[in-house]
Amino acid sequence: MFPHPRPLPASRARRLCAAAAALALVGTAYSLSTPLPAQADPADAATYTVTVGSVGTWTHPDDTPASMIIDEKGDFHLQGAHALYGKNDERRWTFWKGTTIDDITWDQEASSADDNWDTTTRCNESPTGRESTRAPGATSHSEANYCDLTNMWVDPDTGDWYGLVHNEFTPRPFDDGLHYDSIDYAVSHDKGVTWTIVDHAITSPYSTKRGDTDAFPEKTYYYGDGDPRLYVDYASGYFYAFYGSRVVDKGYSWVTFYQHVARAPISGKMAAGTWQKWYNGTWTEAGIGGRESNMTPVTADSPTGYTAPENEYKPTTPGWAGQQVASGAAPATSPLFVMDVTYNAHLGLYIAEPQNPDQSGNAPQEIYATRDLSTQKWFKLGDTGTYTNASWYRWFLDSANGTSSAIVGRSFRAYCSYGCTTELMSFQYVNLTIDTDSPAQAVDTSKRYTITNADGLLLSAAPDGTLSGATTVTEDTGAWTFHATGDGSYTITGADGRVLGVDSSSTAGRAWDTPLTLTAADSTDVGQQWFVVPATGDAGSVRLVNRYSGLTLGMNGTAALTTPQRTWDRGSDAGGVSPVLTTVAAQTLTLAEFRPSPATPTAAPTQAAPTTEPTQAAPTQAAPTQAADPTAAPRASQGPLASTGTNVLVPVLVAVVLTGAGALALRRRARRG
């Protein structure tokens with residue numbers, strides 16, 4: 001069965017009906033150059049230009065941003081959800097599959113499964129559902145809880161699918177048409193056919209009981225925590241969940257909208273108790289019931305990037321929400337509300353696109369950026385100028401692979417469902433390009449490198465092109481040259497001129513454990529493109545992430561493969577589907593400059609020396625750092641990829657073994673900026 005067109009939930013429709021997004025002009029480019037505010041990063045004087053290109057049509061919108069994953073076989077999946085409020089309305093988790101987002105088709109098995117086709121029982125019997133109550137009397141809300149799956153992630157230990165669950169529960173808590181929000185998490189062991197909502201992940205710092213006048217004695221109440229936008233940051237080892245809250249006038253509607261963020265070690269697999277909220281500049285508040293800071297752009301007036309605790313909303317403050325804002329007792333709506341996040345490798349920055357506080361439809365899409373997710377200092381990078389909208393559900397997409405929102409390049413797609421043009425029921429994507437006068441340089445392309453993992457193995461190419469890890473390499477087998485593509489990715493070339501990559505002609509090239517190959521250079525082949533991703537807090541270590549698959553380069557003594565990213569070692573009892581490489585060390589890499597040794601001296605004046613090609617051993621490398629303690633104080637700012645400007649990778653350590661004469665040459669890594 002194929003889903004039929006449907007109306008939005010009444011709450012969404014009322015808000016979006018106010019949108020009158022301006023007409024998108026296909027093929028017209030708009031530019032806006034915005035200098036980075038000095039207070040955001042005094043060391044950075046870069047400028048940025050946002051250019052709007054052609055607009056395309058998006059044909060599968062839903063009541064959530066699209067969630068996209070690639071499974072262990074290399075198959076692409078996309079998921080959405082909606083939960084309408086009426087007794088006989090649709091409440092569904094929908095699934096699609098294909099090669100890329102441009103050719104997806106309906107996933108009959110997953111979408112038509114009973115609890116996906118009708119999520120009513122699942123939501124009411126979930127952890128949040130069991131704590132919810134139904135609205136009294138005649139009401140448009142027929143159920144106690146409505147829940148949407150979003151933000152899926154594939155567990156590298158097992159191949160299982162995880163996702164955050166947005167809940168809208170206990171409707172009409174103060175005799176209005178609204179509800180509370182909270183966030184749970186769910187897991188599927190069979191590629192989305194069946195799901196278990198396991199537990200809470202992120203919940204309100206205030207009461208979510210119906211009519212609780214002890215918690216909310218004045219004219220307003222707190223909506224709770226919902227609408228999550230997940231970013232999986234393997235560079236730091238954390239999930240980052242960006243989510244929103246609202247302040248509601250009792251008996252009426254929303255007034256102010258606030259943005260928050262929580263993080264959890266990826267190794268914790270979204271579990272309850274692993275999440276920590278960002279509050280007052282630290283990650284010390286519990287995800288379940290902890291306090292949370294309202295995030296704000298970094299400006300001269302707000303250098304911290306968050307509302308000071310004494311200025312946050314408090315339920316005991318008298319007056320309506322608007323009156324509290326006017327008096328300075330509560331913050332105004334955050335310009336960062338419900339922002340989705342990606343990493344832009346060309347800029348060396350995380351970028352985000354929030355909902356504009358101006359929901360008239362005449363405002364541009366604003367773009368914000370930060371260098372470091374651990375400190376959450378977002379500055380306005382620019383906006384889309386005369387291309388305007390009032391979009392609610394947005395996500396980024398790397399236009400080179402058509403499957404991933406994790407990392408994008410100089411040019412990318414920005415998707416929108418609903419409120420994207422002058423019509424409410426509008427769905428589209430726009431091609432955006434962000435240029436800068438100081439692009440990121442993740443590696444010095446003038447040098448040749450050895451590629452060594454934390455097990456001490458160097459990437460080596462045999463004469464027949466087979467790749468594996470070796471304890472020593474020669475110039476012919478292990479000297480690699482990086483070439484910048486101009487959009488943040490690199491190609492990696494061996495001594496014979498062939499390029500390192502995977503087969504991008506089929507989805508099998510995206511599967512776990514795909515062997516690396518050396519083939520003739522092809523500038524259009526995304527399978528030959530790599531992102532160089534430095535590990536946050538582990539100076540000198542990087543991952544090489546294949547742009548086609550999103551998998552990272554790993555190796556053992558017999559093979560060099562693309563493997564799912566991880567920041568913890570797989571346990572022997574994990575179950576499910578296991579990749580060949582199961583340790584952090586296998587994929588944690590060091591780039592060291594290859595320096596060939598002098599010619600081998602002759603054994604005697606009358607006898608020619610045997611021909612011996614100089615070899616290079618693996619540099620000494622510390623064991624990789626695994627996922628950090630979420631309760632630890634924030635680390636010093638360090639971007640996940642080399643930052644914009646003059647950050648250049650320089651070798652950490654080079655050990656050159658000289659035949660007949662032992663000598664050790666040391667070079668030091670310098671990181672500038």
Report, by residue number, each residue of region 340-391 that is of a type in the set (Val, Ile, Thr) and open to solvent by 20 Å² or more (accessible area, probe 1.4 Å). 375, 386
In region 84-107, is there at least one residue being farther than 30 Å from residue 404 by Cβ, not β-branched (Val, Ile, Thr) and not in a loop (DSSP other than H, G, I, E, B)? no
Options 317, 333: the member that is under 17 Å from residue 243 (Cβ atoms), modelled with pLDDT of 95 or more and among the polar types (S, T, N, Q): 333
Could you grab the pairs with beta carbons closer than 8 Å, sequence gap of 6+ or different chains, first residue in region 349-366 and at positive phi and among the aliphatic types (A, V, I, L, M), second one open to solvent by 20 Å² or more (accessible area, probe 1.4 Å) and not in a loop (DSSP other than H, G, I, E, B)? none
Note: among 170, 158, 139, 99, just one is in contact (Cβ under 8 Å) with a residue 40 or more places away in the chain and over 27 Å from residue 242 (Cα atoms), namely 99
What tally of residues in region 318-328 results from selecting those that are farther than 13 Å from residue 255 by Cβ and either open to solvent by less than 30 Å² (accessible area, probe 1.4 Å) or within 32 Å of the chain's Cα centre (by Cα) (or both)? 0
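If you check residue 132 against the conditions, is it more than 17 Å from residue 85 (Cα to Cα) and crowded, with 18+ Cβ neighbours inside 10 Å?
Working: more than 17 Å from residue 85 (Cα to Cα): no; crowded, with 18+ Cβ neighbours inside 10 Å: yes.
No: the conditions fail for residue 132.
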Return the total of residues in region 210-242 being closer than 19 Å to residue 408 by Cα and β-branched (Val, Ile, Thr). 1
Tally up the residues in region 294-342 that are part of a loop (DSSP other than H, G, I, E, B) and of a type outside the set (A, V, I, L, M, F, W, C), please. 23
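Tell me, which strands (runs of 3 or more DSSP E) lie completely within region 179-293 with 3 or more residues that are charged (D, E, K, R) and crowded, with 18+ Cβ neighbours inside 10 Å? First the steps, then the outcome.
Numbers: elements: 180-188, 196-202, 220-222, 226-233, 238-249, 254-265, 276-279, 282-286.
The qualifying strands (runs of 3 or more DSSP E) are 226-233.
Matching residues to (1) open to solvent by 30 Å² or more (accessible area, probe 1.4 Å); (2) of a type in the set (Val, Ile, Thr); (3) part of a loop (DSSP other than H, G, I, E, B):
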site: 64; (1), (2), (3): no, yes, yes
site: 74; (1), (2), (3): no, no, yes
site: 78; (1), (2), (3): no, no, no
site: 126; (1), (2), (3): no, no, yes
Odd one out for residue 394 among (1) of a type in the set (D, E, K, R); (2) touching a Pro at 6+ places or on another chain (Cβ under 7 Å); (3) in a loop (DSSP other than H, G, I, E, B): (3)
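In this structure, does residue 402 turn out to be modelled with pLDDT under 95 and either part of a strand (DSSP E or B) or in contact with a strand residue (DSSP E or B) (Cβ under 9 Å, 6 or more places away or on another chain) (or both)? Steps first, please.
Working: modelled with pLDDT under 95: no; either part of a strand (DSSP E or B) or in contact with a strand residue (DSSP E or B) (Cβ under 9 Å, 6 or more places away or on another chain) (or both): yes.
Here the answer is no, as residue 402 does not meet what is asked.
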Log entry, pairs with first residue in region 274-287 being at positive phi, second being open to solvent by less than 10 Å² (accessible area, probe 1.4 Å), beta carbons closer than 9 Å, six or more apart or on different chains, reads 280/293; 281/293; 281/305; 281/376
Selected residue [within 30 Å of residue 296 (Cβ to Cβ), at pLDDT 95 or above and of a type in the set (A, V, I, L, M)] from 66, 40, 45, 83: 66
Restricting attention to region 240-259, does a residue exist that is farther than 20 Å from residue 313 by Cβ, of a type in the set (Phe, Trp, Tyr) and modelled with pLDDT of 95 or more? yes
Which of the residues spanning region 508-545 are open to solvent by less than 40 Å² (accessible area, probe 1.4 Å), part of a helix (DSSP H, G or I) and in contact (Cβ under 8 Å) with a residue 60 or more places away in the chain? 509, 510, 526
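The values are calculated or read from the model by the stated rules, or taken from the named source; none is laboratory data. Only a predicted model underlies this, so the values are computations on that prediction, with no experimental measurement involved. Neighbour counts run over all protein chains shown; Cβ positions are idealised from the backbone, glycine included. Each accessible area value is taken on the protein alone, full model and side chains, heavy atoms only, with ligands, DNA and RNA left out. Shrake-Rupley method; radii C 1.70, N 1.55, O 1.52, S 1.80 Å.
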